[in-house]
Structures are given as C-alpha cells and as structure tokens.
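Chemist: Please see the structure below; I have some questions.
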Amino acid sequence: MYEPVLLKNVEVANGHLLSTYEAGGGYQALRKVLGEYTPGEVVELVKQSNLRGRGGAGFPTGMKWSFVPKGGDKPKYLCCNADEGEPGTFKDRIIMERDPHQLIEGLAVSGYAIGAEIAYVYIRGEYVAAIRRLEQAIAEAHEKGYLGKGILGSDFNFTVHIHCGAGAYICGEETAMLESLEGKRAQPRLKPPFPAVAGLYASPTVINNVETLACVPHIVTRGAAWFRGIGPDKSPGPKLYCVSGQVKKPGLYELPMGIPLKELVEEHAGGALPGRKIKAVIPGGVSAPVIPEHGLEVGMDFDSLAAAGSMLGSAGVIVVDDTTCMVKVATRIIEFFHHESCGKCTPCREGLNWVVKVLRRIEAGEGAPGDLEQLDMLCKGIFGNTFCALGDGAAMGLRAALKHFREEFVAHIEERRCPFH
Amino acid sequence: MSMREKIEQAAAAYPDQRSAIMPALVIAQKEHGHLPGPVLEEVADILGVERIWVYELATFYTLFHTEPVGMYHLQLCDNVSCMLCGSEKLLAHLETVLGIRKGDSTADGLFTLSTVECLGACEMAPVMQVGDDYHGDLDVARLDALLDSLRAAVGRVTGVEHVAQPLPGE
C-alpha cells in the first residue's frame with residue numbers, strides 16, 4: 001500500500017494550519033538546509049533526486065536551478081506557477097487550499113538554493129479559496145520566522161508575494177506568465193534568453209510548478225535516494241493524478257510515478273460508470289493526445305507516455321466512455337485552445353479558428369468530403385510553427401483524435417449527422 | 001481603507017508600478033463591480049502609469065469586466081470534464097429558468113450567465129462559480145436550489161459577492 005506524502009495533510013482536519021504542518025514534521029527541511037547545506041548542495045541534492053517539473057514539460061528541476069548564474073548584481077527571483085489552467089487539472093488548487101505550508105516550505109528551500117530573496121506565486125484569480133488560504137499561511141509563516149529576515153537565525157531573507165491571474169490559460173506558459181507579472185498582456189517571449197538568465201524584470205528567474213515545489217521539502221528530509229526509489233529511475237517520485245470525467249470515483253490520487261493508466265482508472269478511480277465502457281482516456285490535460293482503450297496499459301510517467309505518443313503533462317486524466325462522441329470532445333478541446341490563443345502568432349490564431357469551423361460543421365452533420373484531409377493539413381500547418389506550445393498541444397490532440405477515432409469522423413460526414421445524438 | 005490606499009499597498013510588492021496594474025484592477029473591480037473607462041483612468045493615475053497599459057489589461061484578461069455584470073455572475077464551466085458530466089443540460093436549464101441566453105443578464109440585474117473554461121475543480125464536475133464560490137456535483141435540482149438560495153440572500157448582502165462558504169475542515 002502506497003503511503004501518501006504530498007497529500008498527507010490534505011484529508012486532515014485543519015491541515016492548512018501551521019500547527020498541523022509543524023506537528024507532521026513541517027519546516028524541518030528548511031531548518032535542515034539552512035543549518036547544514038550550502039545553496040549549491042541543495043541544487044545537487046535535487047539533481048540527484050531526478051525530480052522533473054510537474055507543470056507539464058517534465059524538465060529536470062535541479063538542472064533548471066543550476067542554470068541560474070552565481071553572484072551578479074541583479075536580484076534573483078523565484079516564481080511559482082500556480083495558474084493551473086490545463087483542463088482536467090486541479091492538484092495545485094487542492095495543495096494550496098488544504099496544505100499551503102507545504103508549498104511555502106518548498107518555496108523557501110528552493111529560494112535558498114537559487115539565491116532568491118523574493119518569490120511570486122502566480123495563482124489563477126478564480127482560486128479565491130486557495131488565495132485566501134495561502135495569504136493566511138504566508139502571514140503565519142512570517143509570524144513564526146519561517147519567512148522574513150534572518151530566517152531561523154540564518155542570514156537568509158525570503159518573502160513570498162501572491163500575484164493573482166485574471167483568466168488567461170496562456171499564463172501557464174512560463175514566459176507569458178513573466179509578461180503578465182510585469183503588468184503586460186500575457187504573450188510568450190522569444191527564447192533565448194531563457195528565464196534563468198533573463199526572466200522577471202530581466203533578472204535571473206526560476207519558474208516552478210506548485211507540485212514540483214511541494215516535492216522539494218520531502219527530498220530534503222527523506223533523501224534523494226528515497227525519491228528516486230519511487231517509480232521509474234528517470235522519471236521518479238510521488239505523483240498527483242487528477243481523475244475526472246465519466247468515471248465512478250473522480251478525484252485526486254497520489255500514487256507512484258509510472259503506475260499503469262489502466263490501474264489508476266480501473267482500480268483507484270473505480271472504472272466506468274454502470275452499464276458503460278471506457279472508450280478513451282486523455283492522460284495529461286487536454287494538450288495530451290488521447291489514448292484509446294486498448295492502450296491503457298501505458299505507465300503514467302514522462303518517458304512511457306512520450307513513447308506511447310502522448311504525454312504526462314499535468315496528469316489531468318479525463319475518462320471518456322462509449323456514450324460520448326469523440327468529434328464533440330475534439331471540437332470542445334479545439335474551441336478551448338482557440339479561445340485561449342493569445343493572438344501573437346498566425347498559425348495558432350488563424351489556424352485554430354479555421355479548425356474550429358471545420359470541426360463544428362462535421363459535428364453538426366454538415367461536413368464535406370475532404371474535410372478530414374483539410375484538418376490533417378491544418379494540423380501540419382500549426383504543429384511546430386507556433387510561437388509557444390499552445391498551438392502544438394492543440395494540433396497534437398486533434399491528430400490523435402483523427403488517428404484513433406477516424407471512423408467516427410467519417411461516420412459524421414457520411415451519415416450527415418452525429419451518430420451519438 | 002480607500003481604493004487608493006489598497007492599490008498603493010498592493011503596489012509595494014513590486015519593484016515596478018506596471019506590475020501592480022493587475023492587482024489594482026482586481027481591487028477596483030471589487031469596489032465598483034465592473035471597470036468602466038473612468039475607473040481605468042483612476043487606476044492609471046493612482047499608479048502613475050500609461051492609461052493604455054491599464055486598458056490593454058482590462059480587455060485582455062477575461063476576469064475583468066468593462067461592462068456591468070449582474071449581482072450574481074453565474075459562471076458555468078463547459079470544458080471537457082464538465083461537458084462529459086452534463087454541463088450542456090445545465091446550461092439549457094439555466095437559459096430556460098432565467099429567460100436569458102448565455103452572455104446576457106436578467107432584466108432585474110440579479111444574474112449574469114456565462115460559460116467559462118476549466119475552473120480547475122473537475123473532481124466535482126459539473127461545476128459553476130458564483131462570485132467567490134465554487135458549486136460542484138451539480139444537477140438540475142441542485143441548480144434550482146442554488147438559484148433559490150441566491151435569490152433569498154439578496155436582502156442580506158451588501159456587495160457583489162455573497163457570504164463565502166467555509167472550506168471543508170473549517
């Protein structure tokens with residue numbers, strides 16, 4: 001039986017309070033690094049753990065930190081990406097609402113490692129309850145000396161500010177988030193320079209996801225070998241899986257990296273609703289290509305899912321059953337990307353507009369011969385040609401739907417109606 | 001605290017006043033309900049930033065409203081997880097009982113009905129945000145009960161949002 005680490009306090013009454021967090025060993029990791037580790041040693045420890053970013057891209061966290069130049073006269077910033085906009089994802093919200101100190105300790109340890117004295121948590125504006133909880137927790141941590149000047153008798157100063165987003169999915173893209181933090185429209189920046197060199201206010205900046213930062217204190221207290229011992233060596237650790245859609249027990253599940261998708265959906269989340277069959281699963285938020293039922297043995301880790309032609313993404317697992325039309329699902333997903341396109345680059349802005357029109361007419365039974373070839377052509381025109389990953393995610397998702405469920409698209413066009421209505 | 005004081009306090013978190021535009025707009029919208037031109041200009045003046053910088057943020061980000069919204073802004077998620085759990089039926093029901101289409105407000109100014117992209121609460125799909133609060137695991141009966149409770153609360157609230165519900169564990 002797997003013992004939860006990240007969700008340890010989530011089901012506990014008053015899990016959000018500092019007293020609860022301290023009683024469970026909270027802030028011991030911060031005490032340990034400030035007393036026993038140089039910042040470089042913390043970076044090395046996280047490198048050794050093979051922790052990879054939980055926001056979606058899976059970039060090695062320790063390596064990202066090591067890109068921050070040593071010294072220099074510019075301040076360094078730590079930014080926490082708590083914008084959580086990927087449809088099907090709700091893990092960061094639950095951490096912030098129920099165990100905000102876990103994030104704050106992760107921020108402080110990570111800030112110490114990279115030499116940052118200021119952190120901004122960019123949290124989506126809809127998460128009012130999480131914002132309130134995090135504000136309370138920051139105040140508590142200041143009172144107890146876990147934040148502020150000379151933390152725990154050391155010479156480390158660290159402050160956390162909350163910056164509320166205002167409804168733009170693109171802010172999950174790290175450079176768009178930096179633009180937004182600087183008070184501009186959230187449109188991605190050209191890279192290089194990478195944020196580690198020139199990020200917020202052109203200063204060295206590290207951007208990490210909430211769950212990534214929440215892993216850090218546990219790596220400090222339990223060791224890199226413990227972390228690497230959970231799941232696949234190259235993609236290890238405890239992992240939060242968000243299960244939703246047409247499934248018996250939707251919810252947030254903490255399990256090892258790499259568990260089979262089938263086990264997650266069938267055993268932990270209870271499988272299909274009564275009298276129905278699972279048709280497909282989107283494993284990592286709507287940017288992740290859909291996996292048909294026969295592919296569900298795949299392991300839920302970065303490398304296994306990439307090898308299977310999909311991605312772990314944000315681990316937003318959306319279950320679709322046999323009563324649902326895949327053309328409709330694909331249409332809704334592309335409508336979302338079209339709505340959230342920031343408008344900066346043409347393939348994404350215009351391409352997705354075109355794709356939406358074609359998909360809507362197919363779903364309405366007004367599709368024409370040649371529409372599927374046109375969709376293939378549009379995907380080709382978008383994929384790899386957009387400024388950021390938003391357009392890529394849209395094209396990859398649609399390609400997978402067209403590949404695995406082409407017969408449903410064909411049926412819509414040939415029967416001139418949606419077979420599911 | 002006045003709006004100016006609140007904005008100045010929020011701006012202290014940043015080395016650059018431009019970064020404070022978003023937090024200032026949040027404060028101004030709480031104060032005024034929405035963000036008409038004169039309010040945007042006041043925000044620009046308080047922060048000492050270009051007015052165009054304020055306008056562009058107020059129109060880029062969907063949580064900012066330059067037009068008035070009803071006392072209760074019903075924001076029904078219609079992204080994939082909620083759609084799979086029946087959000088379309090809920091939208092149709094809301095349109096019928098309120099007598100408006102999505103995007104519109106009721107004549108009494110009580111309700112504005114919108115569909116929104118993923119609210120990040122898919123474990124309780126279908127979900128709708130009203131003011132600060134999330135309402136999950138909705139069906140037609142729960143939706144009707146919610147509308148009744150919102151109508152009943154009208155006399156008891158003073159601002160745009162109704163009293164926040166406690167989180168589990170409180």
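The values are calculated or read from the model by the stated rules, or taken from the named source; none is laboratory data. Quantities reported herein were computed from a predicted structural model and do not represent experimental measurements. Here the Cβ positions follow ideal geometry from the backbone for every residue, glycine too, while neighbour counts run over all protein chains shown.
Chemist: Might you check whether a residue that is closer than 19 Å to B:PRO126 by Cα, in contact (Cβ under 8 Å) with a residue 40 or more places away in the chain and assigned to a loop (DSSP other than H, G, I, E, B) occurs anywhere in the range A:253-269?
Modeler: Yes; the residues of the range A:253-269 include at least one that is closer than 19 Å to B:PRO126 by Cα, in contact (Cβ under 8 Å) with a residue 40 or more places away in the chain and assigned to a loop (DSSP other than H, G, I, E, B).
Chemist: Do you know which residues across the range A:98-130 are more than 14 Å from every other protein chain (Cβ to nearest Cβ) and hydroxyl-bearing (Ser, Thr, Tyr)?
Modeler: A:SER110, A:TYR112
Chemist: Any chance you could count how many residues in the range B:99-152 are at pLDDT below 95 and in contact with an Asp or Glu (Cβ under 7 Å, 6 or more places away or on another chain)?
Modeler: The qualifying residues number 2.
Chemist: May I pose another question? Would you mind finding the one in A:ILE278, A:ILE334 that is on the phi < 0 side of the Ramachandran plot, touching a Leu at 6+ places or on another chain (Cβ under 7 Å) and either modelled with pLDDT of 95 or more or within 11 Å of another protein chain (Cβ to nearest Cβ) (or both)?
Modeler: On the way: A:ILE278 fails: touching a Leu at 6+ places or on another chain (Cβ under 7 Å).
Of the residues listed, the single one that is on the phi < 0 side of the Ramachandran plot, touching a Leu at 6+ places or on another chain (Cβ under 7 Å) and either modelled with pLDDT of 95 or more or within 11 Å of another protein chain (Cβ to nearest Cβ) (or both) is A:ILE334.
Chemist: While we're looking at this one, here's another question. Somewhere in the range A:354-364, is a residue surrounded by fewer than 24 Cβ atoms within 10 Å (Cβ to Cβ), of a type in the set (D, E, K, R), in contact (Cβ under 8 Å) with a residue 12 or more places away in the chain and not in a helix (DSSP H, G or I)?
Modeler: No.
Chemist: Can you confirm whether the range B:61-77 contains a residue that is among the β-branched types (Val, Ile, Thr) and either within 30 Å of A:ALA272 (Cβ to Cβ) or facing chain A (nearest Cβ under 8 Å) (or both)?
Modeler: First, pick out the residues of the range B:61-77 that are among the β-branched types (Val, Ile, Thr): B:62, B:66, B:69.
Keeping just the survivors that are either within 30 Å of A:ALA272 (Cβ to Cβ) or facing chain A (nearest Cβ under 8 Å) (or both) gives B:62.
Yes, the range B:61-77 contains a residue that is among the β-branched types (Val, Ile, Thr) and either within 30 Å of A:ALA272 (Cβ to Cβ) or facing chain A (nearest Cβ under 8 Å) (or both).
Chemist: Another question about this same structure. What helices (runs of 4 or more DSSP H), lying completely within the range A:1-73, carry at least 3 residues that are more than 14 Å from chain B (Cβ to nearest Cβ), touching a Gly at 6+ places or on another chain (Cβ under 8 Å) and of a type in the set (A, V, I, L, M, F, W, C)? Explain how you work it out, then say what you get.
Modeler: Values: elements: A:18-23, A:28-36, A:39-49, A:61-66.
It comes to A:39-49.
Chemist: Let me ask something additional. Which residues, counting only those in the range B:33-59, are away from every other protein chain (no Cβ under 14 Å), surrounded by 13 or more Cβ atoms within 10 Å (Cβ to Cβ) and at pLDDT 95 or above? Reasoning before the result, please.
Modeler: First pass over the range B:33-59, keeping only residues away from every other protein chain (no Cβ under 14 Å): B:33, B:36-39, B:41-42, B:45.
With surrounded by 13 or more Cβ atoms within 10 Å (Cβ to Cβ) added as a condition, the list becomes B:33, B:36, B:39, B:41-42.
Once the filter is applied, which keeps residues that are away from every other protein chain (no Cβ under 14 Å), surrounded by 13 or more Cβ atoms within 10 Å (Cβ to Cβ) and at pLDDT 95 or above, the range B:33-59 yields B:PRO36, B:VAL39, B:GLU41, B:GLU42.
Table: residues versus (1) under 16 Å from the mean Cα position of the chain (by Cα); (2) of a type in the set (D, E, K, R); (3) under 23 Å from B:VAL127 (Cα atoms).
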{"residue": "A:VAL247", "(1), (2), (3)": "no, no, yes"}
{"residue": "A:ILE278", "(1), (2), (3)": "no, no, yes"}
{"residue": "A:PRO292", "(1), (2), (3)": "no, no, no"}
{"residue": "A:MET311", "(1), (2), (3)": "yes, no, no"}
{"residue": "A:PHE336", "(1), (2), (3)": "no, no, yes"}
